[in-house]
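Okay, structure first, notes after.
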Amino acid sequence: MQVLVLLLWTGALLGRGSCQDIASNPEDSPSPESTGEPVEEEDPFFKVPVNKLAAAISNFGYDLYRVRSIESPTTNVLLSPLSVATALSALSLGAEQRTEATIHRALYYDMISNPDIHSTYKELLATVTAPQKNLKSASRIVFERKLRIKSSFVALLEKSYSTRPRILTGNPRIDLQEISNWVQAQMKGKITRSTREVPSGISILLLGVAYFKGQWVTKFDSRKTSLQDFHLDEERTVKVPMMSDPKAIIRYGLDTDLNCKIAQLPLTGSMSIIFFLPMRATQNLTMIEESLTSEFVHDINRELKAVQAVLSIPRLKLSFEGELTKSLQEMKLHSLFESPDFSKITGKPIKLTQVEHRAGFEWNEEGAPGTSTNSDLQPTGFTFSLDYHLNQPFIFVLRDTDTGALLFIGKILDPRST
Ligand SMILES: *[C@@H]1O[C@H](CO)[C@@H](O)[C@H](O)[C@H]1NC(C)=O
(Lines give C-alpha, C1' and ligand atoms only; values in the text may rest on other atoms or scores of the structure.)
Protein backbone atom coordinates (compact mmCIF):
# COMPACT_ATOMS: atom_id res chain seq x y z
CA MET A 1 0.00 0.00 0.00
CA GLN A 2 2.77 2.38 0.92
CA VAL A 3 4.37 2.04 -2.51
CA LEU A 4 1.07 2.73 -4.21
CA VAL A 5 0.58 5.87 -2.19
CA LEU A 6 3.98 7.16 -3.17
CA LEU A 7 3.47 6.39 -6.82
CA LEU A 8 0.14 8.09 -6.91
CA TRP A 9 1.43 11.17 -5.19
CA THR A 10 4.43 11.40 -7.42
CA GLY A 11 2.15 11.08 -10.40
CA ALA A 12 0.14 14.00 -9.12
CA LEU A 13 3.12 16.20 -8.41
CA LEU A 14 3.10 19.36 -10.41
CA GLY A 15 5.97 19.98 -12.73
CA ARG A 16 6.62 23.62 -11.96
CA GLY A 17 9.42 24.12 -14.42
CA SER A 18 7.14 24.89 -17.32
CA CYS A 19 5.42 27.78 -15.64
CA GLN A 20 8.08 29.13 -13.34
CA ASP A 21 9.24 32.07 -15.37
CA ILE A 22 5.77 33.45 -15.95
CA ALA A 23 4.35 32.55 -12.57
CA SER A 24 6.89 33.87 -10.13
CA ASN A 25 7.78 37.38 -9.17
CA PRO A 26 10.43 38.80 -11.43
CA GLU A 27 12.38 39.79 -8.30
CA ASP A 28 12.87 36.29 -7.03
CA SER A 29 13.31 34.29 -10.19
CA PRO A 30 15.95 34.86 -12.79
CA SER A 31 14.63 35.88 -16.17
CA PRO A 32 15.04 33.42 -19.03
CA GLU A 33 17.74 35.64 -20.57
CA SER A 34 19.96 35.60 -17.53
CA THR A 35 19.85 31.80 -17.21
CA GLY A 36 20.28 31.18 -20.91
CA GLU A 37 17.05 29.15 -21.04
CA PRO A 38 15.17 29.43 -24.30
CA VAL A 39 12.20 31.79 -24.18
CA GLU A 40 9.07 29.69 -24.19
CA GLU A 41 6.72 29.49 -27.11
CA GLU A 42 3.42 31.08 -26.27
CA ASP A 43 0.69 28.60 -25.46
CA PRO A 44 -1.72 28.40 -28.46
CA PHE A 45 -4.58 28.93 -26.00
CA PHE A 46 -3.42 32.52 -25.50
CA LYS A 47 -3.25 33.17 -29.24
CA VAL A 48 -7.05 33.35 -29.34
CA PRO A 49 -7.80 37.08 -28.88
CA VAL A 50 -10.64 36.57 -26.41
CA ASN A 51 -8.52 34.21 -24.25
CA LYS A 52 -5.61 36.63 -24.38
CA LEU A 53 -7.86 39.46 -23.22
CA ALA A 54 -9.33 37.21 -20.51
CA ALA A 55 -5.78 36.53 -19.28
CA ALA A 56 -4.99 40.24 -19.19
CA ILE A 57 -8.01 41.32 -17.18
CA SER A 58 -7.68 38.26 -14.94
CA ASN A 59 -4.15 39.38 -14.13
CA PHE A 60 -5.66 42.72 -13.11
CA GLY A 61 -8.09 40.66 -11.01
CA TYR A 62 -5.30 38.78 -9.22
CA ASP A 63 -3.55 42.11 -8.53
CA LEU A 64 -6.76 43.55 -7.08
CA TYR A 65 -7.27 40.42 -5.01
CA ARG A 66 -3.76 40.67 -3.52
CA VAL A 67 -4.35 44.27 -2.47
CA ARG A 68 -7.70 43.34 -0.91
CA SER A 69 -6.21 40.38 0.88
CA ILE A 70 -3.45 42.50 2.44
CA GLU A 71 -6.16 44.96 3.57
CA SER A 72 -8.11 42.17 5.26
CA PRO A 73 -5.57 39.77 6.80
CA THR A 74 -8.05 38.19 9.23
CA THR A 75 -11.31 38.22 7.30
CA ASN A 76 -12.69 36.52 4.22
CA VAL A 77 -12.24 38.18 0.86
CA LEU A 78 -14.81 37.85 -1.92
CA LEU A 79 -14.33 39.57 -5.21
CA SER A 80 -15.57 39.43 -8.78
CA PRO A 81 -12.80 41.40 -10.46
CA LEU A 82 -14.39 41.06 -13.90
CA SER A 83 -17.11 43.61 -13.13
CA VAL A 84 -14.51 46.12 -11.91
CA ALA A 85 -12.27 45.52 -14.93
CA THR A 86 -15.27 46.02 -17.21
CA ALA A 87 -16.13 49.37 -15.64
CA LEU A 88 -12.51 50.50 -15.98
CA SER A 89 -12.23 49.31 -19.55
CA ALA A 90 -15.45 51.13 -20.41
CA LEU A 91 -14.18 54.28 -18.70
CA SER A 92 -11.00 54.15 -20.78
CA LEU A 93 -13.15 54.93 -23.85
CA GLY A 94 -13.45 58.46 -22.48
CA ALA A 95 -9.78 58.87 -21.59
CA GLU A 96 -7.16 60.80 -23.53
CA GLN A 97 -3.77 59.20 -24.21
CA ARG A 98 -1.99 59.55 -20.87
CA THR A 99 -5.04 58.52 -18.85
CA GLU A 100 -5.96 55.78 -21.28
CA ALA A 101 -2.43 54.39 -21.01
CA THR A 102 -2.76 54.32 -17.21
CA ILE A 103 -5.91 52.23 -17.40
CA HIS A 104 -4.47 50.02 -20.13
CA ARG A 105 -1.40 49.30 -18.01
CA ALA A 106 -3.50 48.30 -15.00
CA LEU A 107 -5.60 45.98 -17.18
CA TYR A 108 -2.45 44.58 -18.88
CA TYR A 109 -3.68 45.79 -22.29
CA ASP A 110 -0.14 46.97 -22.96
CA MET A 111 0.85 43.29 -23.08
CA ILE A 112 -1.56 42.47 -25.89
CA SER A 113 -1.51 43.83 -29.37
CA ASN A 114 -5.17 44.04 -30.19
CA PRO A 115 -6.32 47.09 -32.13
CA ASP A 116 -9.92 46.34 -31.31
CA ILE A 117 -9.81 45.53 -27.63
CA HIS A 118 -13.32 46.79 -26.88
CA SER A 119 -14.98 44.54 -29.49
CA THR A 120 -13.05 41.59 -28.10
CA TYR A 121 -14.22 42.64 -24.65
CA LYS A 122 -17.80 42.55 -25.86
CA GLU A 123 -17.25 39.02 -27.13
CA LEU A 124 -15.74 37.98 -23.79
CA LEU A 125 -18.68 39.41 -21.84
CA ALA A 126 -21.15 37.63 -24.10
CA THR A 127 -19.32 34.33 -23.49
CA VAL A 128 -19.02 34.52 -19.71
CA THR A 129 -22.53 35.84 -19.09
CA ALA A 130 -24.27 33.31 -21.36
CA PRO A 131 -27.25 31.86 -19.44
CA GLN A 132 -25.70 28.41 -18.91
CA LYS A 133 -22.78 29.97 -17.01
CA ASN A 134 -25.05 31.07 -14.13
CA LEU A 135 -22.99 34.25 -13.77
CA LYS A 136 -24.56 37.67 -13.52
CA SER A 137 -22.13 40.51 -13.90
CA ALA A 138 -22.79 44.16 -14.61
CA SER A 139 -20.88 47.41 -14.52
CA ARG A 140 -21.85 51.02 -14.62
CA ILE A 141 -20.29 54.46 -14.71
CA VAL A 142 -22.04 57.11 -12.62
CA PHE A 143 -21.23 60.78 -13.12
CA GLU A 144 -21.55 63.82 -10.90
CA ARG A 145 -24.80 65.70 -10.79
CA LYS A 146 -25.95 67.41 -13.95
CA LEU A 147 -22.70 66.74 -15.83
CA ARG A 148 -23.04 67.31 -19.57
CA ILE A 149 -21.43 64.39 -21.36
CA LYS A 150 -20.56 63.99 -25.00
CA SER A 151 -22.89 61.86 -27.09
CA SER A 152 -19.89 60.30 -28.85
CA PHE A 153 -18.80 58.77 -25.51
CA VAL A 154 -22.31 57.51 -24.77
CA ALA A 155 -22.46 55.90 -28.21
CA LEU A 156 -19.10 54.11 -27.76
CA LEU A 157 -20.15 52.85 -24.35
CA GLU A 158 -23.39 51.46 -25.68
CA LYS A 159 -21.71 49.84 -28.65
CA SER A 160 -19.08 47.84 -26.77
CA TYR A 161 -20.35 47.55 -23.23
CA SER A 162 -24.12 47.77 -23.79
CA THR A 163 -24.41 50.16 -20.89
CA ARG A 164 -25.56 53.74 -20.46
CA PRO A 165 -23.84 56.05 -18.02
CA ARG A 166 -25.90 57.46 -15.19
CA ILE A 167 -25.83 61.13 -14.28
CA LEU A 168 -26.82 61.90 -10.71
CA THR A 169 -29.77 64.20 -10.01
CA GLY A 170 -28.28 65.47 -6.78
CA ASN A 171 -31.31 64.27 -4.83
CA PRO A 172 -29.79 61.52 -2.59
CA ARG A 173 -33.07 59.66 -2.18
CA ILE A 174 -33.85 59.52 -5.89
CA ASP A 175 -30.25 58.65 -6.78
CA LEU A 176 -30.09 55.84 -4.21
CA GLN A 177 -33.41 54.47 -5.42
CA GLU A 178 -32.34 54.53 -9.05
CA ILE A 179 -28.97 52.85 -8.41
CA SER A 180 -30.61 50.27 -6.20
CA ASN A 181 -33.25 49.51 -8.84
CA TRP A 182 -30.55 49.13 -11.45
CA VAL A 183 -28.65 46.60 -9.27
CA GLN A 184 -31.87 44.66 -8.65
CA ALA A 185 -32.71 44.57 -12.35
CA GLN A 186 -29.21 43.47 -13.37
CA MET A 187 -28.95 40.79 -10.68
CA LYS A 188 -32.57 39.62 -11.06
CA GLY A 189 -33.09 40.24 -7.36
CA LYS A 190 -30.33 37.83 -6.31
CA ILE A 191 -28.49 40.51 -4.35
CA THR A 192 -30.22 42.09 -1.36
CA ARG A 193 -31.15 45.75 -1.46
CA SER A 194 -28.46 48.06 -0.25
CA THR A 195 -28.95 50.26 2.75
CA ARG A 196 -25.83 52.25 1.97
CA GLU A 197 -26.18 55.89 1.10
CA VAL A 198 -24.92 57.17 -2.23
CA PRO A 199 -21.49 58.51 -1.28
CA SER A 200 -21.17 62.27 -1.33
CA GLY A 201 -18.73 64.18 -3.48
CA ILE A 202 -18.98 61.90 -6.50
CA SER A 203 -17.28 63.01 -9.69
CA ILE A 204 -16.97 59.57 -11.33
CA LEU A 205 -18.19 56.47 -9.53
CA LEU A 206 -17.57 53.01 -10.94
CA LEU A 207 -19.95 50.28 -9.89
CA GLY A 208 -19.34 46.58 -10.47
CA VAL A 209 -21.83 43.95 -9.32
CA ALA A 210 -21.82 40.19 -9.71
CA TYR A 211 -23.67 37.14 -8.50
CA PHE A 212 -22.92 33.46 -8.94
CA LYS A 213 -24.48 30.29 -7.68
CA GLY A 214 -22.59 27.17 -8.66
CA GLN A 215 -24.08 23.99 -10.02
CA TRP A 216 -21.64 21.09 -9.67
CA VAL A 217 -21.34 18.69 -12.54
CA THR A 218 -21.74 15.99 -9.89
CA LYS A 219 -24.03 16.98 -7.08
CA PHE A 220 -23.45 16.19 -3.42
CA ASP A 221 -25.70 13.89 -1.44
CA SER A 222 -27.30 16.21 1.13
CA ARG A 223 -27.71 13.29 3.54
CA LYS A 224 -23.94 13.26 3.83
CA THR A 225 -23.76 16.92 4.86
CA SER A 226 -23.07 17.34 8.57
CA LEU A 227 -21.52 19.71 11.08
CA GLN A 228 -17.77 19.20 11.00
CA ASP A 229 -14.68 20.87 12.36
CA PHE A 230 -13.14 23.75 10.45
CA HIS A 231 -9.71 24.74 11.72
CA LEU A 232 -9.47 28.54 11.66
CA ASP A 233 -5.76 28.19 12.43
CA GLU A 234 -3.59 25.80 14.40
CA GLU A 235 -5.45 26.51 17.66
CA ARG A 236 -9.06 27.49 16.97
CA THR A 237 -11.73 25.21 15.58
CA VAL A 238 -15.38 25.88 14.73
CA LYS A 239 -18.23 23.68 13.47
CA VAL A 240 -19.59 24.29 9.97
CA PRO A 241 -21.97 22.42 7.64
CA MET A 242 -19.65 20.34 5.50
CA MET A 243 -20.74 18.57 2.33
CA SER A 244 -18.96 15.35 1.57
CA ASP A 245 -18.47 12.73 -1.06
CA PRO A 246 -16.55 9.58 -0.11
CA LYS A 247 -15.87 8.69 -3.75
CA ALA A 248 -15.44 11.98 -5.55
CA ILE A 249 -13.47 12.23 -8.75
CA ILE A 250 -11.42 15.40 -8.62
CA ARG A 251 -8.50 16.74 -10.59
CA TYR A 252 -5.64 17.06 -8.19
CA GLY A 253 -2.03 18.08 -7.76
CA LEU A 254 0.38 18.64 -4.93
CA ASP A 255 2.46 21.78 -5.34
CA THR A 256 5.62 21.25 -3.35
CA ASP A 257 6.91 24.80 -3.91
CA LEU A 258 3.75 26.39 -2.57
CA ASN A 259 3.28 23.61 -0.06
CA CYS A 260 -0.34 23.29 -0.99
CA LYS A 261 -2.80 20.79 -2.36
CA ILE A 262 -4.63 21.98 -5.44
CA ALA A 263 -7.91 20.52 -6.65
CA GLN A 264 -10.31 21.34 -9.41
CA LEU A 265 -14.02 20.60 -9.47
CA PRO A 266 -16.11 21.14 -12.58
CA LEU A 267 -19.33 23.14 -12.60
CA THR A 268 -22.00 23.16 -15.27
CA GLY A 269 -21.66 25.55 -18.21
CA SER A 270 -17.89 24.96 -18.72
CA MET A 271 -17.01 26.56 -15.43
CA SER A 272 -14.74 25.24 -12.73
CA ILE A 273 -13.43 26.01 -9.30
CA ILE A 274 -9.81 25.54 -8.36
CA PHE A 275 -9.03 25.22 -4.66
CA PHE A 276 -5.68 26.05 -3.10
CA LEU A 277 -5.35 24.35 0.27
CA PRO A 278 -2.15 24.77 2.32
CA MET A 279 -0.66 21.64 3.88
CA ARG A 280 -1.27 23.00 7.38
CA ALA A 281 -3.93 25.26 8.89
CA THR A 282 -2.80 28.86 8.57
CA GLN A 283 -4.41 32.21 7.86
CA ASN A 284 -1.27 33.32 6.07
CA LEU A 285 -1.88 32.43 2.43
CA THR A 286 0.64 34.95 1.10
CA MET A 287 2.83 32.46 -0.67
CA ILE A 288 -0.03 31.08 -2.76
CA GLU A 289 -1.46 34.55 -3.39
CA GLU A 290 1.83 35.86 -4.73
CA SER A 291 2.03 33.16 -7.36
CA LEU A 292 -1.49 33.70 -8.76
CA THR A 293 -1.45 34.81 -12.38
CA SER A 294 -3.57 33.82 -15.37
CA GLU A 295 -0.69 31.89 -16.88
CA PHE A 296 0.12 30.05 -13.64
CA VAL A 297 -3.49 29.02 -13.05
CA HIS A 298 -3.84 27.95 -16.68
CA ASP A 299 -0.75 25.76 -16.39
CA ILE A 300 -1.83 24.32 -13.05
CA ASN A 301 -5.21 23.48 -14.47
CA ARG A 302 -3.62 21.52 -17.30
CA GLU A 303 -1.31 19.57 -15.04
CA LEU A 304 -3.87 18.35 -12.52
CA LYS A 305 -4.63 14.63 -12.68
CA ALA A 306 -7.94 12.88 -12.12
CA VAL A 307 -7.96 11.00 -8.83
CA GLN A 308 -10.56 9.53 -6.55
CA ALA A 309 -10.88 11.38 -3.27
CA VAL A 310 -12.70 11.44 0.01
CA LEU A 311 -13.86 15.01 -0.42
CA SER A 312 -15.36 17.50 2.00
CA ILE A 313 -16.29 21.10 1.25
CA PRO A 314 -18.03 23.61 3.52
CA ARG A 315 -21.37 24.84 2.25
CA LEU A 316 -20.79 28.47 1.38
CA LYS A 317 -22.81 31.64 1.01
CA LEU A 318 -20.81 34.83 0.86
CA SER A 319 -21.50 38.40 0.03
CA PHE A 320 -19.53 41.58 -0.23
CA GLU A 321 -20.68 45.15 -0.39
CA GLY A 322 -18.29 48.03 -0.13
CA GLU A 323 -15.77 50.32 -1.67
CA LEU A 324 -12.67 49.27 -3.56
CA THR A 325 -11.58 52.88 -3.90
CA LYS A 326 -8.58 52.54 -1.62
CA SER A 327 -7.54 49.25 -3.24
CA LEU A 328 -7.54 50.77 -6.72
CA GLN A 329 -5.61 53.78 -5.51
CA GLU A 330 -2.92 51.40 -4.34
CA MET A 331 -2.67 49.78 -7.74
CA LYS A 332 -1.29 51.46 -10.83
CA LEU A 333 -4.34 53.69 -10.97
CA HIS A 334 -3.85 56.46 -8.43
CA SER A 335 -3.48 59.13 -11.13
CA LEU A 336 -7.14 58.56 -12.11
CA PHE A 337 -8.05 59.97 -8.70
CA GLU A 338 -5.83 63.04 -9.13
CA SER A 339 -5.89 64.89 -12.43
CA PRO A 340 -6.83 62.52 -15.23
CA ASP A 341 -7.79 63.61 -18.73
CA PHE A 342 -11.34 62.56 -19.54
CA SER A 343 -11.89 65.20 -22.19
CA LYS A 344 -13.55 62.62 -24.47
CA ILE A 345 -16.36 62.53 -21.90
CA THR A 346 -16.83 66.19 -21.05
CA GLY A 347 -15.13 69.56 -21.16
CA LYS A 348 -15.23 69.83 -17.38
CA PRO A 349 -12.34 68.42 -15.33
CA ILE A 350 -13.63 65.22 -13.73
CA LYS A 351 -11.87 62.44 -11.90
CA LEU A 352 -12.50 59.04 -10.42
CA THR A 353 -13.70 59.40 -6.84
CA GLN A 354 -15.31 56.10 -5.85
CA VAL A 355 -15.25 52.46 -6.86
CA GLU A 356 -18.04 50.33 -5.43
CA HIS A 357 -18.37 46.58 -5.59
CA ARG A 358 -21.20 44.26 -4.72
CA ALA A 359 -20.90 40.52 -4.98
CA GLY A 360 -22.86 37.45 -3.99
CA PHE A 361 -21.54 33.93 -4.26
CA GLU A 362 -22.81 30.56 -3.14
CA TRP A 363 -22.55 26.85 -3.54
CA ASN A 364 -24.40 24.05 -1.85
CA GLU A 365 -25.06 20.40 -2.71
CA GLU A 366 -26.89 21.22 -5.93
CA GLY A 367 -25.62 19.94 -9.21
CA ALA A 368 -26.68 19.49 -12.78
CA PRO A 369 -30.29 18.32 -12.95
CA GLY A 370 -30.60 14.60 -13.50
CA THR A 371 -27.10 13.69 -12.36
CA SER A 372 -26.62 11.16 -9.64
CA THR A 373 -24.08 11.60 -6.90
CA ASN A 374 -20.73 9.96 -7.40
CA SER A 375 -21.26 7.56 -4.54
CA ASP A 376 -24.07 5.88 -6.48
CA LEU A 377 -21.66 5.11 -9.27
CA GLN A 378 -18.96 2.50 -9.23
CA PRO A 379 -15.84 4.39 -10.27
CA THR A 380 -13.42 2.19 -12.08
CA GLY A 381 -9.69 2.44 -12.47
CA PHE A 382 -9.06 3.97 -9.06
CA THR A 383 -7.57 1.64 -6.52
CA PHE A 384 -6.80 4.34 -3.99
CA SER A 385 -8.57 7.37 -2.57
CA LEU A 386 -6.78 10.36 -1.19
CA ASP A 387 -8.27 12.76 1.33
CA TYR A 388 -9.17 16.28 0.29
CA HIS A 389 -10.81 18.21 3.09
CA LEU A 390 -11.40 21.95 2.79
CA ASN A 391 -11.56 22.17 6.57
CA GLN A 392 -9.05 25.00 7.07
CA PRO A 393 -8.40 28.35 5.35
CA PHE A 394 -8.22 28.10 1.56
CA ILE A 395 -8.37 30.15 -1.61
CA PHE A 396 -10.78 29.39 -4.42
CA VAL A 397 -10.81 30.66 -7.97
CA LEU A 398 -13.89 30.45 -10.20
CA ARG A 399 -12.90 30.32 -13.86
CA ASP A 400 -14.63 30.10 -17.15
CA THR A 401 -13.03 27.05 -18.72
CA ASP A 402 -13.70 28.22 -22.30
CA THR A 403 -11.74 31.49 -22.07
CA GLY A 404 -9.81 31.04 -18.82
CA ALA A 405 -11.41 34.22 -17.44
CA LEU A 406 -11.27 34.71 -13.68
CA LEU A 407 -14.84 35.34 -12.56
CA PHE A 408 -14.67 35.15 -8.78
CA ILE A 409 -11.90 34.77 -6.26
CA GLY A 410 -12.26 34.17 -2.57
CA LYS A 411 -10.16 33.75 0.53
CA ILE A 412 -12.10 31.68 3.02
CA LEU A 413 -10.73 32.03 6.53
CA ASP A 414 -14.07 31.28 8.20
CA PRO A 415 -16.97 29.80 6.21
CA ARG A 416 -19.47 31.03 8.84
CA SER A 417 -19.07 34.70 8.09
CA THR A 418 -20.60 36.19 5.00
C1 LIG B 1 3.26 35.11 5.78
O2 LIG B 1 4.14 34.23 5.11
C3 LIG B 1 5.15 34.87 4.37
C4 LIG B 1 5.95 33.82 3.62
O5 LIG B 1 5.28 32.64 3.48
C6 LIG B 1 6.03 35.67 5.28
O7 LIG B 1 7.03 36.34 4.53
C8 LIG B 1 5.19 36.68 6.02
O9 LIG B 1 5.97 37.37 6.96
C10 LIG B 1 4.03 36.02 6.73
N11 LIG B 1 3.16 37.04 7.26
C12 LIG B 1 2.71 37.03 8.51
C13 LIG B 1 1.81 38.16 8.91
O14 LIG B 1 3.00 36.17 9.30
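The values are calculated or read from the model by the stated rules, or taken from the named source; none is laboratory data. As the structure is a computational prediction, the values presented were derived from the model and not from experiment. For neighbour counting, all protein chains shown are included, and Cβ atoms are generated from backbone atoms with ideal geometry for every residue, glycine included. Ligands, DNA and RNA are stripped out before the accessible areas are found, and what is left, the full protein with its side chains, is counted by its heavy atoms. Shrake-Rupley method; radii C 1.70, N 1.55, O 1.52, S 1.80 Å.
Pulled fully out, how much extra length does the chain show between Met279 and Lys188, if you take 0.36 nm times their separation in residues and subtract their Cα-Cα distance?
Here the segment from Met279 to Lys188 would lengthen by 28.8 nm.
Which value at 222 nm does the chain reach when only helices count, each DSSP H run of 4 or more adding -39,500 (n - 2.57), with the total divided by all residues and rounded to the nearest 500 deg cm²/dmol?
When only DSSP H runs of four or more count, the value is -8500 deg cm²/dmol.
Measure nothing but the geometry: give the 0 to 90° angle between the long axis through the Cα atoms of 49-71 and the longest principal axis through the Cα atoms of the chain, rounded to 10°.
90
Using alpha carbons only, how many degrees (0 to 90, rounded to 10) separate the axis of helix 172-186 from the longest principal axis of the chain?
Relative to the chain, helix 172-186 is tipped by roughly 40 degrees.
Which value does Rg/Rh take for the stretch 266-418 over its C-alpha atoms, Rh per Kirkwood?
Working: Rg = 20.2 Å, Rh = 19.0 Å.
Here Rg/Rh amounts to 1.06.
Quick one: if you stick a label point 7 Å off each Cα along the C-beta vector at Lys146 and Ser226, how many nm between them?
Those two pseudo-labels are separated by 6.7 nm.
Using R₀ = 25 Å, calculate the FRET efficiency as 1/(1 + (r/R₀)^6) where r is the Cβ-Cβ separation of Val154 and Glu123; round to 0.05.
Values: r = 21 Å, r/R0 = 0.86.
Efficiency, rounded to the nearest 0.05: 0.70.
Looking only at Asp387, Asp221, Asp116, which one moves most when the chain is put into a Gaussian network model with springs between Cα atoms under 10 Å?
Asp116
Take every Cα-Cα pair in the chain and report what % of them are more than 42 Å apart.
15
Taking 8 Å as the Cα distance limit and 6 or more residues as the minimum spacing, I'd like the relative contact order of the stretch 226-306 as a percentage.
Numbers: 102 pairs, mean separation 22.0, N = 81.
Worked out over the stretch 226-306, it gives 27 percent.
Just tell me which aspartates and glutamates come within less than 19 Å, Cα to Cα, of Lys247; anything on the same chain fewer than 8 places away is out.
Answer for Lys247, where 19 Å is the Cα cut-off: Asp221, Glu365, Glu366, Asp376, Asp387, listed by chain and number.
Cα axis of helix 81-91 to longest principal axis of the chain: angle in degrees, 0 to 90, nearest 10?
Relative to the chain, helix 81-91 is tipped by roughly 20 degrees.
So which trypsin sites (Lys or Arg not before Pro) in the stretch 183-222 end up in coil per DSSP with only 12 or fewer other C-beta atoms within 10 Å?
Lys188, Arg193
Which of the lysines could a cross-linker span from Lys348 if the Cα-Cα distance has to be under 17 Å and same-chain partners fewer than 8 positions apart are dropped?
Those lysines meeting the cut-off are Lys146, Lys150.
Carbon and sulfur: what percent of the stretch 193-314's accessible surface (1.4 Å probe)? Write down the numbers at each step before the final one.
Details: 2280 of 4740 Å².
Percent of accessible area from carbon and sulfur atoms in the stretch 193-314: 48.
Counting other Cβ atoms within 10 Å of each Cβ, which trypsin sites (Lys or Arg not before Pro) in the stretch 279-311 have at most 15 and sit in a DSSP loop?
Filter output for the stretch 279-311: Arg280.
Give me the one-decimal Kirkwood hydrodynamic radius in Å for the stretch 185-275, with the sum taken over alpha-carbon pairs. Each step should come with its number before you reach the end.
On the way: mean 1/r = 0.0565 Å⁻¹.
For the stretch 185-275, inverting the mean 1/r across all distinct Cα pairs yields 17.7 Å.
Give the residue list of GluC sites (Glu not before Pro) in the stretch 302-354 that are DSSP loop and have at most 12 other beta-carbon atoms within 10 angstrom. Before the final figure, lay out the partial values.
Values: sites: Glu303, Glu321, Glu323, Glu330, Glu338; in loops: Glu338.
Passing sites in the stretch 302-354 are Glu338.
What share of the DSSP beta bridges in the chain is antiparallel, in percent to the nearest 5?
Of the beta bridges lying entirely in the chain, close to 75 percent run antiparallel.
Per residue, what accessible area does the stretch 202-321 have, given a 1.4 Å probe and all protein chains present, in Å²? The partial results should precede the final answer.
Numbers: 4420 Å² over 120 residues.
With all protein chains present, the stretch 202-321 gives 37 Å² per residue.
Of the listed pairs Lys305/Lys411; Lys47/Lys317; Lys47/Lys136; Lys122/Lys317; Lys122/Lys351; Lys136/Lys326, which have alpha-carbon separations greater than 32 Å here?
Correct reply: Lys47/Lys317.
Normalised by the residues of the chain, what does the relative contact order come to in percent, with Cα pairs under 8 Å and at least six apart?
That works out to 25 percent.
Quick check: pseudo-label points 7 Å beyond the Cα along Cα→Cβ at Ala306 and Glu197, how many nm apart are they?
Result for the modelled spin labels: 5.7 nm.
Quote the charge dipole size of the chain about the Cα centre in Debye, to the nearest 20; the model charges only the Cβ of Lys and Arg (+1) and of Asp and Glu (-1). Spell out each step's value before the answer.
Working: 46 positive and 48 negative charges, 421 e Å.
Dipole magnitude for the chain comes out near 2020 debye.
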